[in-house]
Amino acid sequence: MWSRRRGHLRPTVCGVETSGLEPRDLGSALRKARREQQLVSKRLLREDAPEEAGEGCVAAILGEAEVQQFLRQAQRGTEEKEREGALVSLRRGLQHPETQQTFIQLEGSMRTLVGLLTSNQALLQLEAARCLHELSHSEQSTIAEACLPATSYLLTYLSGHSSDFIELCLYTLGNLIVESEAVRRQLLPQGIVPALAACIQSPHVAVLEALGYALSQLLQAKEAPEKIIPSILASTLPQHMLQMLQPGPKLNPGVAVEFAWCLHYIICSQVSNPLLIGHGALSTLGLLLLDLAGAVQRTEDAGLELLACPVLRCLSNLLTEAAVETVGGQMQLRDERVVAALFILLQFFFQKQPSLLPEGLWLLNNLTANSPSFCTSLLSLDLIEPLLQLLPVSNVVSVMVLTVLCNVAEKGPAYCQRLWPGPLLPTLLHTLAFSDTEVVGQSLELLHLLFLYQPEAVQVFLQQSGLQALERHQEEAQLQDRVYALRQTALQG
Amino acid sequence: MQLPPALCARLAAGPGVAEPLPVERDPAAGAAPFRFVARPVRFPREHEFFEDGDVQRHLYLQDVLMQVADAPEKPRVPAFACQVAGCCQVFDALDDYEHHYHTLHGNVCSFCKRAFPSGHLLDAHILEWHDSLFQILSERQDMYQCLVEGCTEKFKTSRDRKDHLVRIHLYPVDFRFDKPKKNRSPASAEVPGDSGERSEGEAMEICSEPVAASPAPAGERRTYSHRIPSTICFGQGAARGFKSNKKKTKQC
């Protein structure tokens, strides 16, 4: 279900030299790129099997004369096969950045290509579109901008009927969008939003996936919250996106992944989330979460985390909206099964993708913070102990686990009674030994709540050398006051 | 991480809401120096919290994570010809045929056989070229609809619409799917001459010549007609290229 129809392994990823890097180093190189907002993801469709190149080797870089020759042949050749062949040769050459540069510097080359793109020869049109697609993959914004004359046609073709061609146009648009603000500034008045809104009604899965990709790139633009997201929200796109995320036999994972990310970019921009809640986003995403947990149990399929991640993010951010309370949105997400599903996903992350644990715990925090019902579920479904098992993963995870436990404990004695006796106190004594200030700080908060609502815990704490554990931190500026206060409580109790 | 065995059963069972335990807070809970407050957290777009997940998304898009399926060979079939009357194009792959069909035979005007990239443009063409009522109405009200889907502006003349497309929608001045209809009536409000498209005379169609060749249209067409092999037909009728000078005698 997750195998890609087409794809091509690239030695460099967004300009970050990655060949030869260990996976861990690759990760940190990409993280650095993201921090510098350089992370540019593109999708390249390459249909040729490598052997088709004929010589059995990668296509060569083309010089100016060759580019000119191929263009002339494509434009004025006599045999259709000859014209098509010329474009195929050009396309292969355009896999190289040097050829791309040569092409755009050649006068009239884009005009010729656009002419072929709009010709009435279907196969020439397709090959011309593939040439544009190669150009769209360039990491130079000058090359993306050289493609500006083609954009009105790419948009026009989105309302056509040839699904392969539409798919190609969409991926090309998506790539151009991410590379250049000038392209986006042109595409918006050219009507990209209505064009996408019309195209999203296509029954073809490949088209929908491509559309989701293009839309996700548009939504990631830095000017998106002011200039793009409002018109997206005003269109019919949100309803269609949510439809594509409804679990059931028609759910296509590849399509759902794209639209889940689209939703995430919209929601975290916080332009008008109540509108999405009004469209039923919370209940759709909640049901999808249940579905994902079911899928995780059934199969070992890699790739489910690709969909789980944006779904978790959307739910977490939506839960912070005031509209959730007033519109009764919380009603949509009071189902206890959501907690069960989340823990099944947490276990899945623990085994397959620990870096996503914080995202799952973030949702757990947002579910439990203001909800006595969900806190009760945690207790009645025996989920405290599994939660504690996550503590050793990392400091970030530890802090979040302790925060969720605080959410439960702060609700009062009825809740703390259920946390006692049990593994909680020994665990806290253990986390007090951590060196990370935030972990210790959160442990102190939890201890305070436990002492307050379950005073019997104090004695056991003292018996288990709790004071010494506390005193280890009495010099630490951020912890001193709380350490002192707890010490007093313990000694008085 | 060990989950309680009953959890899967809970997921499979029906929806339900846990009856909450009674909440009873002591004000001392939030008293200084303690500062914990239970609250949902929101993360904005660029927050570093999203770093790891974003990197994975990026890798997915670059196809590094997933098994890269080899691009399947286009399935070849025994050569067959397009079945549309008058078209003799031959194919050996279904994908190619699909694209050919949609491009040349998909949105075809039944009056003049011109092909259009979309139903939207075809509809506009039929209205503006073949509907006599349109001509009458357009003398009294704005009838030329903007070609951009979603834009509801209408204009008195095709020229005004072109201006709108260029100024507001940033369309190219020589947009191929908006060539004005050549009208022999001197009383007509349209004068396509200035826009330099008179030589084409074939509005709203997918042109057979690339733009770069347009300064010498007659020469190009002649070259075309001699060299196109007879096995290749264009659905819109190759002969049309020679009739560009012939005045339109009928309004369909």
Could you grab me the full set of residues in the stretch A:227-265 that are surrounded by fewer than 16 Cβ atoms within 10 Å (Cβ to Cβ) and part of a helix (DSSP H, G or I)?
A:Lys227, A:Pro230, A:Ser231, A:Ala234, A:Gln239, A:Gln243
Test: B:His47 is within 26 Å of the chain's Cα centre (by Cα) and closer than 30 Å to A:Gly212 by Cβ
no
Working only within the stretch A:247-259, note down all residues that are more than 10 Å from chain B (Cβ to nearest Cβ) and either under 12 Å from the mean Cα position of the chain (by Cα) or among the polar types (S, T, N, Q) (or both).
A:Asn252, A:Ala256, A:Phe259
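For every residue, the table says whether it meets (1) at pLDDT 90 or above; (2) surrounded by fewer than 17 Cβ atoms within 10 Å (Cβ to Cβ); (3) farther than 22 Å from B:Cys112 by Cβ; (4) within 11 Å of another protein chain (Cβ to nearest Cβ).
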position	(1), (2), (3), (4)
B:Tyr144	yes, no, no, no
B:Thr152	yes, yes, yes, yes
B:Leu165	yes, no, yes, yes
B:His169	yes, no, yes, yes
B:Phe175	yes, no, no, yes
B:Ala187	no, yes, yes, no
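When the stretch B:1-19 is examined, which residues are found to be among the aliphatic types (A, V, I, L, M), more than 7 Å from chain A (Cβ to nearest Cβ) and more than 47 Å from the chain's Cα centre (by Cα)?
Result: B:Ala6, B:Ala9.
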Which residues, counting only those in the stretch A:347-389, are of a type in the set (Gly, Ala, Ser) and in contact (Cβ under 8 Å) with a residue 40 or more places away in the chain?
A:Gly360, A:Ser371, A:Ser377
So, restricting to helices (runs of 4 or more DSSP H) that lie completely within the stretch A:2-112, which ones have at least 1 residues that are more than 10 Å from chain B (Cβ to nearest Cβ), closer than 20 Å to A:Ser141 by Cα and at pLDDT 55 or above?
A:80-93, A:97-105
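If the requirement is being within 7 Å of chain A (Cβ to nearest Cβ) and either surrounded by fewer than 18 Cβ atoms within 10 Å (Cβ to Cβ) or under 30 Å from A:Ser269 (Cβ atoms) (or both), which of these qualifies: B:Pro22, B:Pro75, B:Pro117, B:Pro27?
Unique residue meeting the criteria: B:Pro22.
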In contact (Cβ under 8 Å) with a residue 12 or more places away in the chain and polar (S, T, N, Q) - does that describe any residue in the stretch B:67-89?
yes
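Here is a yes/no grid of residues against (1) assigned to a helix (DSSP H, G or I); (2) more than 22 Å from A:Gln389 (Cβ to Cβ):
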{"position": "A:His430", "(1), (2)": "yes, no"}
{"position": "A:Leu444", "(1), (2)": "yes, no"}
{"position": "A:Leu449", "(1), (2)": "yes, no"}
{"position": "A:Leu452", "(1), (2)": "yes, yes"}
{"position": "A:Leu462", "(1), (2)": "yes, yes"}
{"position": "A:Ala469", "(1), (2)": "yes, no"}
{"position": "A:Gln478", "(1), (2)": "no, yes"}
Check the stretch A:414-422 and report whether any residue there is crowded, with 24+ Cβ neighbours inside 10 Å, over 32 Å from the mean Cα position of the chain (by Cα), within 14 Å of chain B (Cβ to nearest Cβ) and small (Gly, Ala, Ser).
no
All but one of (1) assigned to a helix (DSSP H, G or I); (2) modelled with pLDDT of 90 or more; (3) surrounded by 19 or more Cβ atoms within 10 Å (Cβ to Cβ); (4) not aliphatic (A, V, I, L, M) hold for B:Pro40; state the number of the condition that does not hold.
(1)
Please verify whether A:Glu336 is within 9 Å of another protein chain (Cβ to nearest Cβ), crowded, with 24+ Cβ neighbours inside 10 Å, among the acidic types (Asp, Glu) and without any contact (Cβ under 8 Å) to a residue 60 or more places away in the chain, treating the condition exactly as stated.
no
So, A:His448, is that one under 26 Å from A:Leu357 (Cβ atoms) and more than 37 Å from the chain's Cα centre (by Cα) or not?
yes
A:Val401: more than 9 Å from chain B (Cβ to nearest Cβ) and farther than 22 Å from B:Arg10 by Cβ, yes or no?
no
Out of the residues in the stretch B:30-65 that are in contact with a Phe, Trp or Tyr (Cβ under 9 Å, 6 or more places away or on another chain) and among the basic types (Lys, Arg), state the one that is farthest from the other protein chains (Cβ to nearest Cβ).
B:Arg57
What is the residue count in the stretch A:405-428 for residues that are touching a Ser or Thr at 6+ places or on another chain (Cβ under 6 Å) and either not hydrophobic (A, V, I, L, M, F, W, C) or not in a helix (DSSP H, G or I) (or both)?
1
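Keeping to the stretch A:277-322, report how many residues are charged (D, E, K, R) and assigned to a helix (DSSP H, G or I).
The number of residues fulfilling the criteria is 4.
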Looking at A:Tyr157, A:Tyr171, can you tell me which residue is under 26 Å from the mean Cα position of the chain (by Cα), at pLDDT 90 or above and of a type in the set (Phe, Trp, Tyr)?
A:Tyr171
Across the stretch A:297-332, the tally of residues that are crowded, with 17+ Cβ neighbours inside 10 Å, within 19 Å of the chain's Cα centre (by Cα) and at pLDDT below 90 stands at 3
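The values are calculated or read from the model by the stated rules, or taken from the named source; none is laboratory data. This structure is a prediction, so every number in the text was calculated from the model and none was measured. Cβ: placed from backbone, ideal geometry, glycine included. Neighbour counts: every protein chain shown.
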